[in-house]
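> Next up is a structure, given as structure tokens.
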Amino acid sequence: MTALEKTVAIELRGITKRFGEVIANDGIDLTLHRGEILSLLGENGSGKTTLMNMLSGIYFPDEGEILVNGKPVSIRSPKDAFANGIGMIHQHFKLVDVFTAAENIVLGLEEKLDIKAVNEKVRAICASYGFSIDPTQKIYNMSVSQKQTVEIVKVLYRGADILILDEPTAVLTPQETDRLFAVLRSMRCDGKAIVIITHKLHEVMAISDNVAVLRKGKYIGTVPTSETSPQALTDMMVGRSVTLNIDRPQYEHPITRLELKNVTCLDAEGVKRLNNVSFSAMGGEILGIAGIAGSGQKELLEAVSGLYPVSQGSIVYTPPDGEKMELAGKTSMEIRRSGVVMAFVPEDRLGMGLVGSMGMTGNMLLRSWRKGKGIFVNRRDPNELARRVWKELEVVTPSTEFPVRRLSGGNVQKVLVGREIAAAPPVLMCAYAVRGLDINTSYIIYNLLTEQKMKGAAVLYAGEDLDVLLELCDRILVLCGGQVSGVVDTRTATKEQIGLLMTHSGEEKGES
């Protein structure tokens, strides 16, 4: 280790943060060095983001001390954070689409705007670290990875040499992730101190020098990446041994459950969100759906479930017992009235999936209230289901009447997935079912999806982690710009092949 790497950039001493009776961070001590990439791991609700938000000026600690370059500091706003050389790149970008990259980078700065000088400085920063963006390009014309680059350049422009990245690869292709990691390594060599919050253990092993683990608001320890393993890190996070294997058993007699032919969907402005999409989904398989963010994954699942209008094309559903049915043109309620049983775990858990002010029982009732007689509603079955989901999925909640909006993201997702699976659906659709969830909760959901597959359900799973898609799914449908760029067999496909298809660069299209 060089003298540079031994220099302490950030030191946290006894940091505590409370929200009412909840202790989000409990006396945390943590050290970050210059020339270091530190991964911050922990289950949902372990306090990772809260801790980093205190470094970036969003929260202020109730107790403890923050030292930057060996000196105690008070960080009460993002402006204070930048004054101390700290910049945070959030998972959800904070950019103005109609502005150029350069205009976004200087937005909010108290300095006379000389856009020519800004453009030159931005180009110089990009040249230093190997970034590839045009400072004069509008944000709405940029790819997701380019937008992320703008966010990183923004904090560098403001003088940050301590960078915090929250789930930086969530929406990147493998090739884009490799490019980002190359940039981060270059920054490390330049003496930058970098913290990455992520749930992707293979990326932790690939990019970090050290890994710090939090559990239930407490600091568990920091270990050199070269001396640990994904299994050991998971055990540290959870506090017990957790199996990291995803079983992929084969269903003996798969049959076609859904068949889409030339499906096209337009948004309110007449833009094609799905363009001539054709594929089949089999009962007894998990069909993964991959693509860069905004490639049509959300619209595809909503179109099948009747939540997004189909402009042209056919969606044919074959029930386990009965005749084929055309679903295109039907609303979700019309589909349900036709006797079709589908389950949908949407991307927006509380916006579309659950009512946040209701407890588990009330949300279970949403699927069964139409079975009641007139104005009378049978609450017995939903209450029994709520208690079963509570017990079997280990939902952390004081009671089944406790408002779900006050639960952690992982527990909200357990409630939603448990409710949908309970319908024993022949078709189960999931949009980013484990987004932002910890390792333990994610593997519970993977196992639930595999159980439904082995019961003969056709499972459509839109996901971001290509390693998981390759392990979990039987085939993967790849979308690019609302079109199918390929359908691959996971027994032979590679991440690189899928990454090329996600950018429409694949040489082979169609099913393999």
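The values are calculated or read from the model by the stated rules, or taken from the named source; none is laboratory data. Bear in mind the structure is a predicted one, so any value in this text is a computation, not a measurement. Quick reminder, even Gly has a Cβ in these numbers, built from the backbone with ideal geometry, and neighbours come from all protein chains shown.
> How do the pairs read when you match residues in segment 58-72 that are assigned by TED's automatic domain parsing to the domain that holds G87 with residues anywhere that are of a type in the set (K, R) and loosely packed, with under 14 Cβ neighbours inside 10 Å, using Cβ under 8 Å and keeping only pairs 6 or more apart or on different chains?
F60/R76
> Mind counting the residues in segment 101-120 that are in a helix (DSSP H, G or I) and either buried (at least 18 other Cβ atoms within 10 Å of the Cβ) or within 33 Å of the chain's Cα centre (by Cα) (or both)?
8
> If we scan segment 465-475, do we find a residue that is buried (at least 20 other Cβ atoms within 10 Å of the Cβ), at pLDDT 90 or above and β-branched (V, I, T)?
Among the residues of segment 465-475, not one is buried (at least 20 other Cβ atoms within 10 Å of the Cβ), at pLDDT 90 or above and β-branched (V, I, T), which makes the answer no.
> A further question follows. With a cut-off of at least 3 residues that are within 22 Å of the chain's Cα centre (by Cα) and either not aliphatic (A, V, I, L, M) or not assigned by TED's automatic domain parsing to the domain that holds A170 (or both), name the strands (runs of 3 or more DSSP E) lying wholly within segment 249-318.
Passing ranges, in order: 285-290.
> So which of F181, F131 is closer than 18 Å to Q91 by Cβ and aromatic (F, W, Y)?
The conditions single out F181.
> Using the structure shown, decide if N245 is under 30 Å from Y308 (Cβ atoms) and either touching a Gly at 6+ places or on another chain (Cβ under 6 Å) or not aromatic (F, W, Y) (or both).
So N245 fails the test.
> What's the number of the only condition in (1) hydroxyl-bearing (S, T, Y); (2) in a loop (DSSP other than H, G, I, E, B); (3) in contact with a Lys or Arg (Cβ under 8 Å, 6 or more places away or on another chain) that T492 fails to meet?
Against the list (1) hydroxyl-bearing (S, T, Y); (2) in a loop (DSSP other than H, G, I, E, B); (3) in contact with a Lys or Arg (Cβ under 8 Å, 6 or more places away or on another chain), T492 comes up short only on (3).
> Can you tell me which of V223, V211, V195 is farther than 26 Å from I498 by Cβ, within 19 Å of the chain's Cα centre (by Cα) and assigned by TED's automatic domain parsing to the domain that holds A127?
V195
> For segment 429-455, give me the residue count where each residue is under 18 Å from S305 (Cβ atoms) and in a helix (DSSP H, G or I).
Matching residues across segment 429-455 total 2.
> Identify all residues within segment 214-245 that are assigned to a helix (DSSP H, G or I) and among the β-branched types (V, I, T); write none if there are none.
Within segment 214-245, T225, T234, V238 meet the criteria.
> Next question. Where residues in segment 452-479 are touching a residue at least 60 places away in the same chain (Cβ under 8 Å) and of a type in the set (D, E, K, R), which of them is farthest from R491 (Cα to Cα)?
The selected residue is E464.
> Taking segment 332-351 only, how many residues are in contact (Cβ under 8 Å) with a residue 24 or more places away in the chain, part of a helix (DSSP H, G or I) and not assigned by TED's automatic domain parsing to the domain that holds A293?
Going through segment 332-351 one residue at a time, the tally reaches 2.
> Of everything in segment 399-455, what is basic (K, R), closer than 20 Å to D465 by Cβ and modelled with pLDDT of 90 or more? Give them in sequence order.
Once the filter is applied, which keeps residues that are basic (K, R), closer than 20 Å to D465 by Cβ and modelled with pLDDT of 90 or more, segment 399-455 yields only K453.
> Of all residues in segment 310-356, how many are modelled with pLDDT under 90 and among the basic types (K, R)?
3
> Quick check on this structure: which one of V150, V171 is outside the structural domain of A462 (by TED's automatic domain parsing) and assigned to a helix (DSSP H, G or I)?
V150
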